[in-house]
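What follows is calculated from the coordinates using simple rules that are stated; it is not laboratory data. Keep in mind that this is a model prediction, so the values were computed, not measured. Cβ: placed from backbone, ideal geometry, glycine included. Neighbour counts: every protein chain shown.
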Amino acid sequence: MNVNSLSIGNVIEFKGKYCMVTKREHVKPGKQSGGGFLQVEMKDLKSGNKQMARFNTIDDVDVVNLVDKIYQYQYMDGDNLALMDMDTYEQILLNKELVGNALPFLEEGIDVTVQYCDATPIKISLPEKMVVKIQTTEATVKGQTAAASYKPAILENGVRVMVPQFVTSDDKILVRTEDNTYVERVK
């Protein structure tokens, strides 16, 4: 694949390692400096180290095919998650670090997606949005409009989110698991 077609999230083979593209920027230096190039920031999937690379716009890179498989989350076993393959009913253990910041949203019985790169699990994704109950939040401030201001709230799973003024304790809200942001109140 031509380097110009790379997008964030692609996994490429670079110097014998599998690396995920985290940032890309097309740089066009002045006339004196020569042709344009692509500046790419990558994360090594095994070590987690980040590195920068420059590619000429005519270079080709080897993009690795990723495979997604759906499992059901069963329980936490130390630092590992017990997941069940719903086709074969086999159980696997994977490190909880593969979930990242969405770990507090794990609930027994939810479906998660494990992303594999050459039979090695590289990431566990939860559903994009989940319904969570608010444990505590500040009282509504009289006179503030609902659209203009947000207040902090603590969810039952301990995650802190910012919610509109009309949301109260014990309300259920829809939260984006990737960045812990409020989406809407659930009725």
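Side notes on the structure shown:
- The chain, dipole about Cα centre (Lys/Arg Cβ +1, Asp/Glu Cβ -1), debye to the nearest 20: 1040
- Sites Glu41 and Asp118 - FRET efficiency at Förster radius 25 Å, r taken between beta-carbons, to 0.05: 0.65
- Relative contact order of the chain: 14 percent, from C-alpha pairs under 8 Å at least 6 residues apart in sequence.
- The range 1-101 - Debye-derived log10 I(q)/I(0), Cα point model, q = 0.15, 0.17, 0.18, 0.20 Å⁻¹: -0.74, -0.85, -0.90, -1.01
- Counting neighbouring beta carbons within 10 Å and listing from fewest to most, the residues Met42, Met86 come out as Met86, Met42.
- Neighbourhood charge, 14 Å Cβ-Cβ cut-off, centred on Tyr116 and excluding it, Lys, Arg +1 and Asp, Glu -1: 0
- Each other residue within a Cβ distance under 15 Å of Lys43 adds +1 if Lys or Arg and -1 if Asp or Glu, for a net charge of +3.
- Model label sites at Asn49 and Glu25, defined 7 Å from Cα along the beta-carbon direction, differ in position by 2.2 nm.
- Computed from phi, the 3J(HN,Hα) profile of the range 87-94 under the Karplus parametrisation 6.51, -1.76, 1.60 (θ = phi - 60°) reads 7, 9, 6, 7, 10, 10, 10, 10 Hz, with x in place of Gly and Pro.
- Backbone phi angles across the range 75-80, fed through the Karplus curve with coefficients 6.51, -1.76 and 1.60 (θ = phi - 60°), yield HN-Hα couplings of 6, 8, 10, x, 8, 10 Hz in residue order; Gly and Pro are listed as x.
- With Rh defined as the Kirkwood radius, the inverse of the mean 1/r over Cα pairs, the Rg/Rh of the chain is 1.09.
- Listed by chain and number, the lysines whose alpha-carbon sits under 17 Å from that of Lys23, ignoring those within fewer than 8 places in the same chain, are Lys43, Lys50.
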